[in-house]
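Asker: The structure under discussion is supplied below as structure tokens; questions concerning it will follow.
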Amino acid sequence: MTGGTPKLDMDAKWDACYDLTLRRFFYSSLAGAASALLFFRSPVTRWGVIAFSAGIGLGSAYTDCSHIMGGALPKWPVPSGGISPSESAVAPHSNPEE
């Protein structure tokens with residue numbers, strides 16, 4: 001038996017996600033606190049930097065957990081009627097034939 005049951009596989013995935021989330025949240029908050037202490041004087045700014053870095057840690061953990069669980073990032077549709085990449089290279093008011 002090399003595979004294991006689906007319940008055990010799912011439990012291992014959840015454990016990996018919990019571990020990853022806690023580690024990234026803690027380490028990014030710690031890095032944010034250290035940089036806030038070095039670079040900023042205002043307590044509000046320091047807390048803002050800590051919150052921002054904690055959010056970065058949680059966001060990166062969410063992305064990796066989505067890959068662990070077998071999901072993927074959403075594929076955003078290309079807007080219709082937009083500018084094609086070849087048209088965006090030309091300035092909007094220039095006429096290349098002049």
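The values are calculated or read from the model by the stated rules, or taken from the named source; none is laboratory data. Keep in mind that what you see is a predicted model, and the values were worked out from it rather than measured. Note that each Cβ is placed from the backbone with ideal geometry, even for glycine, and that neighbours are counted across all protein chains shown. Surface areas here come from the heavy atoms of the whole protein model, side chains and all, with no ligands, DNA or RNA. Shrake-Rupley method; radii C 1.70, N 1.55, O 1.52, S 1.80 Å.
Asker: What number of residues in segment 28-42 are of a type outside the set (A, V, I, L, M) and exposed (fewer than 13 other Cβ atoms within 10 Å of the Cβ)?
Answerer: Residues in segment 28-42 being of a type outside the set (A, V, I, L, M) and exposed (fewer than 13 other Cβ atoms within 10 Å of the Cβ): 3 in total.
Asker: Still on this structure: Please give the number of the condition Trp14 fails out of (1) surrounded by fewer than 12 Cβ atoms within 10 Å (Cβ to Cβ); (2) in a helix (DSSP H, G or I).
Answerer: That leaves (1) as the condition not met.
Asker: Let me ask you something else. One residue is enough: does segment 53-65 have a residue meeting the conditions open to solvent by less than 40 Å² (accessible area, probe 1.4 Å), out of contact with any helix residue (DSSP H, G or I) (no Cβ under 7 Å at 6 or more places or on another chain) and at pLDDT below 90?
Answerer: No - not one qualifying residue is present in segment 53-65.
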